[in-house]
Every structure is written in structure tokens, then in C-alpha cells.
Amino acid sequence: MAVLKSLHNVPAPAKLNLFLHITGRRPDGYHLLESVFMLIDWWDILHFDLLPDGELQRRDLTMALPPDDLCLRAARLLQQASGTNDGVCISIEKRLPAQAGMGGGSSDAATTLLALNRLWGLNWPLSRLLPLGLSLGADVPFFLRGRNAWVQGIGEQIQPLFLPAARFAVLKPEQGLETALIFKDEALIRDSSPATMTDFAARPYAFGRNDLQAVARRLCPQVDQSLEWFSRQGLRPGMTGSGSAVFARISSDTVLSDPPADWQLKLCSNLEIHPLAGWVSCDV
């Protein structure tokens with residue numbers, strides 16, 4: 001087998017939360033959630049070039065990222081865990097908005113683990129990557145598994161779930177939201193009653209609510225404006241994750257008015273599986 005020197009044009013797709021209930025809180029402060037995570041065809045693009053002597057570099061091709069982002073942390077973690085002497089230069093075309101609740105950073109980290117597992121010739125099974133992913137963030141294991149899913153716990157309890165094909169409009173206002181601010185808010189609902197997959201399956205695109213949305217609307221007025229923008233057009237909107245992105249299901253003949261200037265509007269389809277499904281052996 002030829003030794004890989006690079007992997008280019010590797011996608012890291014976003015997710016939407018079709019609903020998000022907070023059902024409790026652990027003694028360590030982590031919140032217990034219940035949600036459906038859905039992959040969509042809006043993604044960052046990453047490029048990986050092999051470097052010698054364990055050197056780790058990152059190039060920002062579209063916008064400046066934090067100095068030690070999740071991609072570098074994922075690379076460092078896998079390098080240390082595997083003991084490899086290989087390094088990498090990670091070049092990132094950042095297309096997903098930050099502080100949107102779409103899992104962009106977590107998806108980039110998962111794609112980095114999957115790509116470096118291949119580039120460095122480690123060939124680890126999924127069971128060895130999942131603990132690394134969870135240590136990087138609660139959403140990373142979902143992207144590693146690569147299937148739409150019913151998610152519980154702090155994000156580590158994942159059951160694959162079939163979702164009918166559908167189209168969505170996603171609106172990201174100019175303002176972003178820090179997840180930590182919402183979870184620290186005293187007004188956050190933390191005792192939602194558990195739901196079931198059967199309840200959800202009866203109406204998958206009209207089920208539940210986002211328990212973070214009320215707090216987000218108060219902290220970020222543009223979330224409220226986004227919800228109103230969709231409602232004026234006869235659509236049923238909801239916020240994804242901790243926001244500030246808002247989305248609504250659309251049909252083939254839906255016509256949308258122009259959003260406010262400097263806001264991002266993207267029309268997306270859901271994905272049945274992650275584009276990198278098959279890059280790792282699924283032994284769990």
C-alpha cells in the first residue's frame with residue numbers, strides 16, 4: 001500500500017438539532033441532554049499534508065481561527081496517544097459560521113481524527129477514536145460515528161436514526177452566542193421530561209423544542225429577529241444547539257425574502273451519512 005503524503009478537500013459537515021431538551025444536570029456540572037442531531041450538506045473543507053519530525057502546523061485559508069483550535073488539539077491528542085513520529089500541516093477553508101450551534105469546530109476535530117488516522121497509517125478502529133473525540137468535546141463522537149442520531153447523556157450516548165430526506169433554510173445572524181453563557185444562566189430549563197424515539201418518529205420535523213432558545217433570545221436579540229423572520233414567511237423555525245443559527249424546514253416551492261444585511265442564509269439538504277463514512281472500521 002502506498003504511503004499517503006496528503007489528503008485534500010476533506011469535508012467537515014455541520015449538524016442541526018431538530019430538538020434539544022435538557023433533562024438534568026450531573027454532580028460535575030455537565031448538563032444531560034436529549035436531542036436529534038442531523039447532518040447537513042454545509043461544511044468546512046480541510047487539507048492535510050504530511051510533515052516530518054512530529055511538527056504540527058495550521059494554515060487558515062479563509063478566516064483567522066484561535067491559535068490552538070480543536071483541529072490542532074485533535075492532532076496533538078492523536079499524536080500523543082499513538083506515539084507516531086509523523087506531523088501534519090492542516091489547512092482549513094472555514095465556511096461554517098462560528099458560535100452558531102452547528103457543531104463546526106467539533107466537526108473539524110472529528111474530520112481531523114479520521115483523516116490523520118488514515119494519513120499517519122494508524123488504522124485505529126472507531127472504538128479507539130471515540131474516547132479521544134469525547135475528551136475534545138461532547139459533539140465530536142457524533143461526527144465520528146457519522147450517522148443522524150438520537151443523542152443523550154452529555155452527547156456520548158448515540159443511537160443511529162433514520163430521517164426522511166428534507167430541505168432546510170439556515171439563517172445565521174451577525175451576532176454569535178457563547179455556549180457557556182447559556183448553560184450558566186439561572187433561567188435555563190433543566191428538568192424537561194424524557195421523550196422517546198417513538199414520540200419523535202411520529203412527527204420528526206415538528207417535535208419538541210429547544211430548551212436553550214428562551215435564554216438565547218434574551219441574550220442575543222438577533223435570535224429573536226431570526227425566529228420572527230421565518231415566522232413572517234409562514235415557516236416553523238427553531239434554534240439549533242446553543243445558537244445563534246435558526247432554521248426551518250422548506251419545500252421545493254418555498255420563496256424566501258432577503259435576510260438582513262451581513263446575515264448568512266443557506267439552503268441545505270440533510271445527509272443520510274457523513275461523507276467520510278467508511279474511513280474508519282466500526283467496531284462499536
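The values are calculated or read from the model by the stated rules, or taken from the named source; none is laboratory data. These figures come from a predicted structure and were not determined experimentally. In this analysis, Cβ positions are derived from the backbone assuming ideal geometry, glycine residues included, and neighbour counts consider all displayed protein chains.
Observations, loosely collected:
- Filter pass, Pro66 being assigned to a loop (DSSP other than H, G, I, E, B) and either buried (at least 20 other Cβ atoms within 10 Å of the Cβ) or modelled with pLDDT under 95 (or both): yes
- Among residues of segment 113-156, those that are part of a loop (DSSP other than H, G, I, E, B), small (Gly, Ala, Ser) and either in contact with a Gly (Cβ under 7 Å, 6 or more places away or on another chain) or surrounded by 16 or more Cβ atoms within 10 Å (Cβ to Cβ) (or both), counted: 4
- Residue selected from segment 264-284 under the condition modelled with pLDDT of 95 or more and of a type in the set (D, E, K, R), by the criterion surrounded by the most Cβ atoms within 10 Å (Cβ to Cβ): Lys266
- Applying the criterion of being within 20 Å of Phe168 (Cα to Cα) and among the acidic types (Asp, Glu) to the residues of segment 211-243, the residue that is surrounded by the fewest Cβ atoms within 10 Å (Cβ to Cβ) is Glu228.
- Within this structure, Val246 passes the test of being touching a Pro at 6+ places or on another chain (Cβ under 6 Å) and either surrounded by 15 or more Cβ atoms within 10 Å (Cβ to Cβ) or farther than 18 Å from Ile182 by Cβ (or both).
- Evaluated against (1) crowded, with 18+ Cβ neighbours inside 10 Å; (2) within 16 Å of the chain's Cα centre (by Cα); (3) within 25 Å of Val170 (Cβ to Cβ); (4) of a type outside the set (Val, Ile, Thr), Ala98 falls short on exactly one condition, (1).
- Subset of segment 76-115 [within 27 Å of Leu177 (Cβ to Cβ) and among the aliphatic types (A, V, I, L, M)]: Leu77, Ile90, Ile92, Leu96, Ala98, Ala100, Met102, Ala109, Ala110, Leu113
- Members of segment 157-194 that are in a loop (DSSP other than H, G, I, E, B), more than 22 Å from Pro141 (Cα to Cα) and among the hydrophobic types (A, V, I, L, M, F, W, C): Ala165, Ala166, Leu177, Ala187, Leu188, Ile189
- Gly208, sole failed condition from (1) surrounded by fewer than 19 Cβ atoms within 10 Å (Cβ to Cβ); (2) farther than 28 Å from Ala109 by Cα; (3) in contact (Cβ under 8 Å) with a residue 12 or more places away in the chain: (1)
- Evaluating Asp224 against the criteria (1) in a helix (DSSP H, G or I); (2) touching a residue at least 40 places away in the same chain (Cβ under 8 Å); (3) outside the structural domain of Gly105 (by TED's automatic domain parsing) leaves one unmet condition, (2).
- Cβ-Cβ under 6 Å pairs, at least 6 apart or on other chains, segment 87-106 side not assigned by TED's automatic domain parsing to the domain that holds Gly137, far side part of a loop (DSSP other than H, G, I, E, B) and of a type in the set (A, V, I, L, M): none
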